[in-house]
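Before any comments, here is the structure.
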Amino acid sequence: MKRILVLHGPNLNLLGTREPEIYGSMTLDDINGMLEVRAKEAGIERIDFLQSNFEGELVDAIQKARGTYDFILLNAAAFTHYSIAIRDAIAAIDVPVIEIHLSNVHQREEFRHRSVIAPVVMGQIAGFGADSYLAALEIAIRRLERER
Ligand code: DQA
């Protein structure tokens, strides 16, 4: 039985109304609902969700994932580009993390091209809107199935 934690960083609570031309029209609840359906279908025991605008809350959640979750799907949002605290928390635990972005950060402003978490995550998925989350979940499911 496997457990997955989905973490959403700052301003992602505004999805649906926040720059929809960049981030799409789905709300965070829509995205979480879609992930929940797929996780259940795939026999994942538990999928939990947390959105926070606070760096420390995300750091706490990453630390606590140790021993509780088998995978973390993380859209660190703006923290991606500068939070050494989140990077260090990921490096400190042995839970695999997939980095997610709705938008293709490499097509956008220069400051979004750099991810300080990229060196410590399993891999990145960016540019597919809400499907970026679904693709990350699919990878987690496949990896966990292989471990069985
Ligand atoms: C984002 C991209 C980040 O640059 C931005 O700060 C976000 C969202 C994305 O999902 O495309 O808040 O992570």
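When I93, I98 are checked against the criterion of being among the β-branched types (V, I, T) and touching a Leu at 6+ places or on another chain (Cβ under 8 Å), I98 stands alone in meeting it. For region 98-125, a residue qualifies if it is of a type in the set (A, V, I, L, M, F, W, C), surrounded by fewer than 13 Cβ atoms within 10 Å (Cβ to Cβ) and away from the ligand (no atom under 11 Å from the Cβ), and exactly one does: A118. In this structure, I4 does not qualify as in a loop (DSSP other than H, G, I, E, B) and of a type in the set (A, V, I, L, M, F, W, C). From the set of residues in region 131-148 that are buried (at least 18 other Cβ atoms within 10 Å of the Cβ) and either free of Cβ contacts under 8 Å to residues at least 12 places away in the same chain or over 11 Å from the mean Cα position of the chain (by Cα) (or both), which is farthest from H101 (Cα to Cα)? Selected residue: L144. Residue-level check: of (1) more than 16 Å from the ligand (Cβ to nearest atom); (2) in contact (Cβ under 8 Å) with a residue 60 or more places away in the chain, D30 misses just (1). Residues that are without any contact (Cβ under 8 Å) to a residue 60 or more places away in the chain, of a type in the set (A, V, I, L, M) and within 12 Å of the ligand (Cβ to nearest atom) do not occur anywhere in region 46-56.
Filter region 57-87 for residues that are of a type in the set (S, T, Y) and more than 16 Å from the ligand (Cβ to nearest atom) and give the result. Let's see the steps before the verdict.
Taking region 57-87 first, the residues of a type in the set (S, T, Y) are 68-69, 80, 82-83.
Of everything in region 57-87, those that are of a type in the set (S, T, Y) and more than 16 Å from the ligand (Cβ to nearest atom) turn out to be T68, Y69.
Could we say that A39 is farther than 19 Å from S115 by Cβ, in a helix (DSSP H, G or I) and either within 14 Å of the ligand (Cβ to nearest atom) or of a type outside the set (S, T, Y) (or both) here?
Details: farther than 19 Å from S115 by Cβ: yes; in a helix (DSSP H, G or I): yes; either within 14 Å of the ligand (Cβ to nearest atom) or of a type outside the set (S, T, Y) (or both): yes.
It is true that A39 is farther than 19 Å from S115 by Cβ, in a helix (DSSP H, G or I) and either within 14 Å of the ligand (Cβ to nearest atom) or of a type outside the set (S, T, Y) (or both).
For region 15-24, a residue qualifies if it is farther than 23 Å from I47 by Cβ and either part of a helix (DSSP H, G or I) or in contact with a Gly (Cβ under 6 Å, 6 or more places away or on another chain) (or both), and the qualifying residues are P20, E21, I22. Please find, within region 88-97, the residue that is nearest to the ligand (Cβ to nearest atom) out of those that are part of a helix (DSSP H, G or I) and crowded, with 21+ Cβ neighbours inside 10 Å. Filtering region 88-97 for residues that are part of a helix (DSSP H, G or I) and crowded, with 21+ Cβ neighbours inside 10 Å, the one nearest to the ligand (Cβ to nearest atom) comes out as I90.
Just so you know, all these numbers are worked out from the coordinates, no wet-lab data involved. These numbers come from a predicted model, not from an experiment. All Cβ positions, even for glycine, are placed from backbone atoms using ideal geometry, and neighbour counts span all protein chains on display.
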